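All remarks here apply to the structure that follows.
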Amino acid sequence: LPMAFQDLNARRHIGLQQLSSLALAGRTLLGPMKSCKFIVDESTNQSRLICSAVRLIESLDLTSAAGQLLNETIQAQNKEFKTGMSTLLFLVGAWSNAVLECLQQNIPVSAIVAVMSEGLNSCCEKVQCLQISIHDASEELCSSSVRLNAFKSNTCRIGCDGLLNPQIFLDFQKDISAPEVVPINSSSLQDNDCNFNRCLVSPLADFGSIASLVKPAGDKSTSVISGSGVIASSCNKKKLSHSRYFNSLGKSHFPNQQGNFQGYLSGKSADPCECYSLGHLAMALSHGNQTSVKLLQSIFAYQQERAECSGSSQFNIAEIVTCCLLGLPESYSCVSPGFVALVSPEQATVVKYFKDKLVRILLMDGDLTEQYRHLGFNSPCNVRTILEHPNIQEGRVRDLWLSSALDTLKSFDVNLVLVKGSVCKNLMEGCIANSILVIGSVTRDVLCAFEEVTGAQPVTYLTQLNTACVGTGAQVELWKACDGRAMDLGELVPVRIKVQGIPLITAVLTTTVTSKMQLTEDRFWSLVYRLHHALNDGKVFLGGGAVELLCLSHSQMLAEQPLQPANKNAVKEFHNPWLATSATEYKSVVLQALASGWKQYLSVVMCNTAKAASELEAYTSIDHHLKRAAGSGSPSAYILKEFRTGDLLSGGSGPFADHREGLKVYDNVMAKTEAWWRALDLVLLVLQTDAEIITGLKRNQLLNSHGSSEFMFL
């Protein structure tokens, strides 16, 4: 009977093969120098440019179960971290192929699952030595060769506001002229976007210091890096929640975040040159995305300026929104205090009516339609509605609701309505006729920001509206580019809503290429979240392939080391006692398969970044470093040394490095390790599912050919 299952591992594992095929499409998306892809919609013949695994998977026709699982895994990574999806996609393909090779050698599924899981767990523990704290990373960046070439003066002076002294400017590249850093004034920023964006300097200029984000011991001032928007401030007012339908929105929260991150320095540094620059850290995490770094620099400068009055310092992604403008050159991209949104030309005429006027604002926490009901709404029991002429009666009901909604808005003299959901088209037209501006699809964070500064209280239905719910002090105007011209781009017109003291700041992203708009926005948010997660983690990984190289070295070391029960040191590398006795004959092969994934990862990134002309050349370079790392006696110390000297992998600053010589590169800790685990968990899940399906088929065959008694024996 055991012979009947001898060909189990030789059967085709369709799920793993599907994962491998899907992942193959994302090879060019790996690394900092990605090769973009055009995705064509066959139904509309429209194309768009993509450069991320998320957009790639969204564009593919995923009809298989394995494809659906891959999509859900990537979407989960994107929802939580906004980075690491390309790494996840590639490792899914690499490890799927590795597992298939193990199956061809008749290695049991249980051994593959156990050894690969324990192997990755051991790698995660090993690479902890390549983690570096935010404080140390920023200090190293400031003391590196980049800083020596960056500042005109050898003295690095920081003003009391945490920004660079106006005399300091960056001269990083000869072809980039660095404008003088001007002092920032909140009121001037509110009034003139152009003055605000003049603060943009070259990407590596300091636009804030890490020292201002973490407080020294004994300092009682508040230092907050918030992902949830919960800011400790004496200016914040406590608001009551009357019910779940009529309530104050409060501050929203981001899923899977640990709340506020607070770090403490051991004490103030006596060296004035130790400027722990957030600008340097952002550039090190940007992987070459200079445009987004400049925008992020200006955003942080604004948040720092606002935080001065309360003695707190913050980097709050809940206060950042984006507005995508199609039709303007990319050089027009800038940041604008307040909320910038796109409206129709008809709505723009209403905006002109509000020029130089303060408007009354209403916030709607839901859809502004007749059919909308809040989540959890239950229809009355034992009630039946009988209509003689359903079409006529339903039309009258809609007309009555429309008339009532307009009367309600006019009776409370509402000029501006921000709606979280969708807006009834007929109501929109009626509001335009009555000089009321309605903007739909507004995020919860935007509603929270306007609630805080205008005093408006969000309502779910217009029937709940009263005088206390209407806010005041908002101004609406047509958004103007830095050349002073109001933008009228045809179908949509950008408008800006501002209120004195509003924490919101909008990154206005522009491009003349329709297919590039989504790509531009994705790159911006990717950098924002990388910096956010780095500050929340309080540490970063060494980049440039250092972490993956150590994982490869460690996996090969474990594979070459015999795992004997008497060898306690070897057994300590694994946590499952079963492996120390039953998996000895499979351990080496499976760990080599795990290591092959790391090696493929490094080689593809090197080829994508032109660090190697071919995979053969990349493998040769990787093997050279592995040999030297093993010969050094301490692979981690060797990799750390090579990283700091910029010689890691092919004599550059690594496959993840920017094209500029000497620029350090860092990666997020949690996002990277979570991508590893999600990739392996998905592969092993599909492996075990395929095995169960194959086993079930084989059992049915045995039942038909050998009888029920033999099946019972199985």
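The values are calculated or read from the model by the stated rules, or taken from the named source; none is laboratory data. Just so you know, these numbers come straight off a predicted model, no measurement behind them. Note that we place each Cβ from the backbone using ideal geometry, even for glycine, and neighbour counts take in every protein chain shown. The area values use the complete protein model at the heavy-atom level, side chains included, leaving out ligands, DNA and RNA. Shrake-Rupley method; radii C 1.70, N 1.55, O 1.52, S 1.80 Å.
Brief remarks on what is shown
- Hits in segment 1-22 - residues which are surrounded by 19 or more Cβ atoms within 10 Å (Cβ to Cβ), out of contact with any Ser or Thr (no Cβ under 7 Å at 6 or more places or on another chain) and either of a type in the set (D, E) or modelled with pLDDT of 75 or more (or both): H13, L22
- Total residues in segment 440-459 satisfying the condition of being open to solvent by 10 Å² or more (accessible area, probe 1.4 Å) and assigned to a loop (DSSP other than H, G, I, E, B): the figure is 5.
- Number of positions in segment 447-467 that are out of contact with any Leu (no Cβ under 8 Å at 6 or more places or on another chain) and under 17 Å from P337 (Cβ atoms): 3
- Yes/no for T673 being open to solvent by 70 Å² or more (accessible area, probe 1.4 Å), at pLDDT 90 or above and part of a helix (DSSP H, G or I): no
Table: residues versus (1) modelled with pLDDT of 85 or more; (2) over 27 Å from D445 (Cα atoms).
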site	(1), (2)
Y332	yes, no
V343	yes, no
E346	yes, no
V351	yes, no
L358	yes, no
G366	yes, no
Y372	no, no
I392	no, yes
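- Residue that is closer than 15 Å to G544 by Cα and modelled with pLDDT of 75 or more, where the choices are K641, K587: K641
- Restricting L60, L56, L49 to residues that are more than 17 Å from L680 (Cβ to Cβ), touching a Lys or Arg at 6+ places or on another chain (Cβ under 6 Å) and assigned by the TED database to the domain that holds L594 narrows the list to L49.
- Count of residues meeting criterion [surrounded by fewer than 17 Cβ atoms within 10 Å (Cβ to Cβ), assigned to a loop (DSSP other than H, G, I, E, B) and not hydroxyl-bearing (S, T, Y)] in segment 39-93: 4
- Test for E125: is it modelled with pLDDT of 95 or more, open to solvent by 20 Å² or more (accessible area, probe 1.4 Å) and either in a helix (DSSP H, G or I) or touching an Asp or Glu at 6+ places or on another chain (Cβ under 7 Å) (or both): yes
- Residue in segment 465-474 that is open to solvent by 20 Å² or more (accessible area, probe 1.4 Å), at pLDDT below 95, at negative phi and within 30 Å of the chain's Cα centre (by Cα) present: no
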